[in-house]
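Enquirer: One structure, pasted below without further comment.
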Amino acid sequence: MTRIIAGRAGSITLEVPDAGTRPTSDRVRESLFGALESSDAIRGAAVLDLYAGSGALGLEALSRGAASVDLVEKSPRAATLVQRNAAKVAHSVGKDAVTRVHRSPVLAFLRSPRGPFDLVFLDPPYDLPDTELTEALVLLEPSLSPHATVVVERAKRSAPPVLPAGLEHVKLKKYGDTTLWWVSPTPQA
């Protein structure tokens, strides 16, 4: 069972697609969001959740005070669940919540000008080719605010994401078979 851990929508259960997704565990989300809150990366943020699956990461951010969340999911079945999950969380968070669900492949979504986004989650399927992840990061970079935080979730056995010139690795955290890479725009001189 996947649920919102904390915030105004805390304890709401989320529907999870029965196949094709790998929801981030409660333990990993709890640790991730603790770190994001301590670095003040959530309150008022414009959030982008790519490869949304159930929408758990973006909706957790919304529950904890993000201003808006855009959830991108190409699977029609998963996108329908994301829409229902977003409606439940938005109802609990209140009328200030801005949620948008985009039924689109990630690369197609990123090819149109968007943003700026302050917090981005990239939690692609583990079998996504590294080249596609790199292309997503290249397309994402112009849509980031100057102090954005990007969190890339991959299997522990995966190579670190290859970053375009405008992004840099900040840190990584490992949780069992999951690795989170924290990425930010390269500071301008």
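A short reminder: the numbers here are calculations on the coordinates, not readings from a lab. Bear in mind the structure is a predicted one, so any value in this text is a computation, not a measurement. Positions of Cβ are generated from backbone atoms using ideal geometry, with glycine treated the same way; all protein chains shown enter the neighbour counts.
Enquirer: Taking neighbour counts of Cβ atoms within 10 Å as a proxy for exposure, in what order, fewest first, do GLU60, GLU135 appear?
Expert: GLU135, GLU60
Enquirer: Taking a ≥ b ≥ c as the square roots of the Cα gyration tensor eigenvalues, with a/c under 1.5 meaning rounded and otherwise prolate when a/b beats b/c, else oblate, which class fits segment 2-185?
Expert: Since a/c stays below 1.5, the shape of segment 2-185 is classed as rounded.
Enquirer: Take every Cα-Cα pair in segment 121-189 and report what % of them are more than 21 Å apart.
Expert: 19 percent
Enquirer: Follow-up. Take the chain, connect every pair of alpha-carbon atoms lying under 10 Å apart with a spring to form a Gaussian network, then pick out the residue of ALA46, ALA87, ALA35 with the largest mean-square fluctuation.
Expert: For the chain, modelled as a Gaussian network with Cα springs under 10 Å, the answer is ALA35.
Enquirer: Here is a further query. Rank these for me by crowding, SER75, SER104, SER63, going from fewest to most other beta carbons within 10 Å.
Expert: With the fewest neighbours first, SER75, SER104, SER63 line up as SER104, SER75, SER63.
Enquirer: Moving on to the next point. Where is the GNM fluctuation largest for the chain (alpha-carbon springs, 10 angstrom cutoff): LEU62, LEU163, LEU119?
Expert: LEU163
Enquirer: Oh, and also: Just to confirm the filter: which trypsin sites (Lys or Arg not before Pro) across segment 68-115 are DSSP coil and have at most 10 other Cβ within 10 angstrom of their Cβ?
Expert: LYS95
Enquirer: Additional query: Lys/Arg Cβ at +1, Asp/Glu Cβ at -1, dipole of the chain taken about the Cα centre: which of LEU137, ALA45, GLN83 is farthest positive-ward?
Expert: Ranked along the dipole, the leading option is GLN83.
Enquirer: Under a Cβ-Cβ cut-off of 13 Å, what is the net charge of the residues other than TRP181 that fall near it, where Lys and Arg count +1 and Asp and Glu count -1?
Expert: Every neighbour counted, the sum reads +1.
Enquirer: Relative contact order (percent) for segment 2-185, with alpha-carbon contacts under 8 angstrom and 6 or more residues of separation?
Expert: Answer for segment 2-185 is 18 percent.
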